[in-house]
1. Filter region 210-227 down to residues that are open to solvent by less than 10 Å² (accessible area, probe 1.4 Å) and not small (Gly, Ala, Ser), then give me how many there are.
2. Quick check on residue 213: is it modelled with pLDDT of 75 or more, of a type outside the set (D, E, K, R) and under 30 Å from residue 56 (Cβ atoms)?
3. Which of the residues belonging to region 38-67 are open to solvent by 40 Å² or more (accessible area, probe 1.4 Å) and part of a loop (DSSP other than H, G, I, E, B)?
4. Against the condition of a type in the set (A, V, I, L, M), open to solvent by 60 Å² or more (accessible area, probe 1.4 Å) and either touching a helix residue (DSSP H, G or I) at 6+ places or on another chain (Cβ under 8 Å) or assigned to a helix (DSSP H, G or I) (or both), how does residue 8 come out, does it pass?
5. Pick from region 11-37 the residues that are open to solvent by 70 Å² or more (accessible area, probe 1.4 Å) and without any contact (Cβ under 8 Å) to a residue 12 or more places away in the chain: which of them is nearest to residue 99 (Cα to Cα)?
6. Given the criteria open to solvent by 70 Å² or more (accessible area, probe 1.4 Å) and either over 22 Å from residue 217 (Cα atoms) or among the aliphatic types (A, V, I, L, M) (or both), does residue 132 qualify?
7. Looking only at residues that are surrounded by 13 or more Cβ atoms within 10 Å (Cβ to Cβ) and at pLDDT 80 or above in region 75-99, which one is farthest from residue 39 (Cα to Cα)?
8. Which one is nearest to residue 182 (Cα to Cα) among residues in region 235-251 that are at pLDDT 80 or above and open to solvent by 20 Å² or more (accessible area, probe 1.4 Å)?
Amino acid sequence: MWQSFVNIFLNVLLYIYNLTGNFGVAIILFTLLIKLVTYPLMRSQIKSSAKMMELQKSPEYNEMMEKYKGNQEKLAEEQMKLYKKYGVNPTASCLPTLIQLPIIFALYQAIIAAIVSTPMGMLDLTKRVFTNFMQVGDIFPINPNFLWMNLGQPERLNIAGLPFGIPVLAILVVLTTVLQTKLTQASTTGSSNQSSGGNSAMMSGMMNVYMPLLMGFMAYSLASGLALYFLISNLFTIGQYAVDGKLDWKALKFGK
């Protein structure tokens, strides 16, 4: 079943490449396609976060916080009742992240499968192509080069005089991931700090630290095509929140 999922990604990527003739552009367009398909879920997350913030500012919520502030177990129980009453899902913000994980793994495998360099790899790839939509001979061999990168290899920008390559994409992925988490999550962490004795704040803080590091490590060590996906995905997510007017620009005060 997993291989079938990867094959769908592989064929969509190859189909876009067949239309554009550029593997980097194909990955960018594929990323935008994925973001558009998952946009309803992202939209639902934004709405859920807004409802959560509105609820946590209500007198009913504040009275509950004051009444049960010495009993965390009872407080959590009453919170869940209140969330259920007003149709708020406190776990909605985690769902888009969980969905991203299989997409990341499938895309990575699709990129590696598409950029083959051995006869056995080519034979395996021809068996996985949906020939109803494209002919194998029309798309192979695939040119993996995009700008200064080989999209099947970790990205490094080599500058004359420097004894090492600069991982430009990895740096941009870390920066945009930090920017995304600060702009899109900080608006909900302030109120959630009170909601579960600091547990939610601790989880958000860990996500804000570890997620950029994890994304940066993968962008640094894995195929640069995946790093390109991370970068475009981050920028598109920031754009989605900007269109909905949900960016928390105050969160850019890093020293706060």
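1. The qualifying residues number 2.
2. When the stated conditions are applied, residue 213 passes them.
3. Taking region 38-67 and keeping what is open to solvent by 40 Å² or more (accessible area, probe 1.4 Å), we get 39-41, 43-44, 47, 51, 53-54, 57, 59-60, 62-63, 66-67.
If the condition is that a residue be open to solvent by 40 Å² or more (accessible area, probe 1.4 Å) and part of a loop (DSSP other than H, G, I, E, B), then 57 is the only one that fits.
4. yes
5. Among residues in region 11-37 that are open to solvent by 70 Å² or more (accessible area, probe 1.4 Å) and without any contact (Cβ under 8 Å) to a residue 12 or more places away in the chain, the one nearest to residue 99 (Cα to Cα) is 37.
6. Values: open to solvent by 70 Å² or more (accessible area, probe 1.4 Å): yes; either over 22 Å from residue 217 (Cα atoms) or among the aliphatic types (A, V, I, L, M) (or both): yes.
The answer is yes for residue 132.
7. Restricting to residues being surrounded by 13 or more Cβ atoms within 10 Å (Cβ to Cβ) and at pLDDT 80 or above, the top hit is 75.
8. Checked region 235-251; the qualifying residue nearest to residue 182 (Cα to Cα) is 238.
The values are calculated or read from the model by the stated rules, or taken from the named source; none is laboratory data. Worth saying up front: this structure is predicted, and the values here are computed from it rather than measured. Using ideal geometry, Cβ is built from the backbone for each residue, glycine included, and neighbour counts are taken over all protein chains shown. Calculation scope for accessible area: heavy atoms of the full protein, side chains included, ligands and nucleic acids excluded. Shrake-Rupley method; radii C 1.70, N 1.55, O 1.52, S 1.80 Å.
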